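**Q** First the structure, which I've put down as structure tokens, then a few questions once you've had a look.
The values are calculated or read from the model by the stated rules, or taken from the named source; none is laboratory data. Bear in mind the structure is a predicted one, so any value in this text is a computation, not a measurement. Backbone-built Cβ (ideal geometry, glycine too); neighbour counts: all protein chains shown. Protein only, heavy atoms only, side chains kept; ligands, DNA and RNA dropped before computing areas. Shrake-Rupley method; radii C 1.70, N 1.55, O 1.52, S 1.80 Å.
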Amino acid sequence: MMAGLVALLVTGCGGGEQGDAKLIEYQRALAEALGQPAPERTAPPNIGAFPERSERLFEVAETREGILNVYALRECHITQLVAARNNQLGRVAPPSQQWIYELELWRRLHACWHSDVPDGLSDTNLERLERLTLIKTEQLPKVSWNSLFDSEEWVRSFSRASSPLTPGDTRGIEAQFEALAWLHQATLNQFNPEWQHPSSTLENHLNSLRSRPLTAELLRALVLAERRLTEANELLSANLQSRRGCTALASPADVLSEEMADMAAFAWLDQLESLATRWLEAVDDLFASHVPPPEAVDDYRHAWLSLENPEAPLPALRQARSEHRQHWQALTKRCT
């Protein structure tokens, strides 16, 4: 009876094979070895829906100035910039390009305010320059948030129209990590006039995020693996609580060791947990670089992206793996 279980423990779950199928194999072999029926499998819950647009964006009031008022500040070099923003193409620009515009407008106003230009302005235009600079300084962090959370590329990363990640599938993942790192630095340096923010670089990173809904794929894989491990845990727990003892286990104790189960059969889970930890830490850093999020986004972050909330997918998988090791230790001790 132990032959199937021993073989599975030794061969493990290949990184390029679908994790759910391998965990189901493991469940069957485990049930056979324990002389019990295979656990009844249940479908994992769907991942949470990303907040609606109205719930995830900040309201940013539009700044209106007449063309003559803008022209009066022509020495600040904002006239052509404002005109480009107000033309037909500027009004339908994607969120990322709107952020580039707002960032450049703030930098020009900020540089102008700290130059000798204000010395030559009338009192009215000086007040106007000061007011516009303060408004854009206050708005920029919210515009930065909106540009990311209104972008199709970022929202798609959380899409429910996705499949669980298979641990051996690494297509485009490193490019997505680079995209998150750049966006993180862009947010941290938005008030740094020396930091470069070329539009082409931003669009290339957004294209990397567009290549696959990585966040959703990872969340689905975590939820699915946690469900299958919980079912296996229930199987082991029932055996430990029964009076059948080790009747069905006719094998050396070392076959049941924690190390054998953890390092072979679940080697691919190590890869999944490691990748998910790395990705969610990067997402967490990106969140932390922005202003505090709207309530709906904060709730989603706590429920699905948290590294500490025990009910979030990653901590839940870690707990299921810990319980599985504990069951193996108890079974090893009992059957030695």
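**Q** So with the 1.4 Å probe, I'd like the accessible area per residue for the range 53-157, rounded to whole Å².
**A** Roughly 57 Å² per residue, with all protein chains present.
**Q** Given q = 0.12, 0.16, 0.19, 0.24 Å⁻¹, what are the Debye log10 I(q)/I(0) values for the range 150-235, with equal point scatterers placed on the Cα positions and solvent ignored?
**A** The calculated log intensity ratios at q = 0.12, 0.16, 0.19, 0.24 Å⁻¹ are -0.47, -0.71, -0.87, -1.15.
**Q** Could you tell me the calculated FRET efficiency between L188 and V291, based on Cβ-Cβ distance and R0 = 22 angstrom, to the nearest 0.05?
**A** The formula returns an efficiency of 0.95 here.
**Q** If I take every Cα pair under 8 Å that is 6 or more residues apart in the chain, average their sequence separation and divide by the length, what percent do I get for the relative contact order?
**A** Relative contact order comes out at 29 percent.
**Q** Right, another one. For the chain, which span is the longest to avoid every loop-located (per DSSP) member of GluC sites (Glu not before Pro) having at most 11 other Cβ atoms inside 10 Å?
**A** It works out to 63-193.
**Q** Please compute P(r) over all alpha-carbon pairs of the range 34-104, binned at 10 Å starting from zero, and give each bin as a whole-number percent.
**A** With 10 Å bins starting at 0, P(r) equals 14, 30, 19, 10, 8, 8, 6, 4, 1.
**Q** Using a 1.4 Å probe on the protein chains only, how many percent of the accessible area of the range 53-157 belongs to carbon and sulfur? List each step's numbers first, then the result.
**A** Working: 3040 of 5980 Å².
Ligands and nucleic acids excluded, carbon and sulfur give 51 percent.
**Q** Next question. Starting at the first residue of the range 216-227, write each ³J(HN,Hα) from the Karplus equation 6.51 cos²θ - 1.76 cosθ + 1.60 with θ = phi - 60°, in whole Hz, x for Gly and Pro.
**A** Along the range 216-227, the couplings run 5, 4, 5, 4, 5, 5, 5, 5, 5, 5, 4, 5 Hz.
**Q** At a Förster radius of 30 Å, what calculated FRET efficiency corresponds to the Cβ-Cβ distance of L134 and S200, to the nearest 0.05?
**A** 0.45
**Q** While we're looking at this one, here's another question. Per-residue accessible area for L165 at 1.4 Å probe radius, Å² rounded to 10?
**A** That residue has around 10 Å² of solvent-accessible surface.
**Q** Explain nothing, just the number: dipole magnitude of the chain about its Cα centre with +1 on each Lys and Arg Cβ and -1 on each Asp and Glu Cβ, in debye rounded to the nearest 20.
**A** 860
**Q** How do T79, T133 stack up against each other in accessible area, from largest to smallest, with a 1.4 angstrom probe?
**A** Descending accessible area places them as T79, T133.
**Q** Moving on. Cα-Cα pairs above 14 Å in the range 180-229: how many percent?
**A** Roughly 64 percent, rounded to a whole number.
**Q** In addition: Quick one: grab Rg to one decimal and Dmax as a whole number for the chain, Cα atoms only, in Å.
**A** Taking only Cα atoms of the chain, I get Rg and Dmax of 27.6, 95 Å.
**Q** Now for a different question. If you take the square roots of the eigenvalues of the alpha-carbon gyration tensor of the range 109-192 and sort them as a ≥ b ≥ c, do you get rounded (a/c under 1.5), prolate (a/b over b/c) or oblate? Kindly include the intermediate steps, with their values, before the conclusion.
**A** Values: a/c = 6.57, a/b = 3.07, b/c = 2.14.
Since a/c reaches 1.5 and a/b is larger than b/c, the shape of the range 109-192 is classed as prolate.
**Q** Hey, another quick one. Scattering from the C-alpha atoms of the range 53-157 alone, worked out with Debye: what is log10 I(q)/I(0) at q = 0.16, 0.19 1/Å?
**A** -0.73, -0.96
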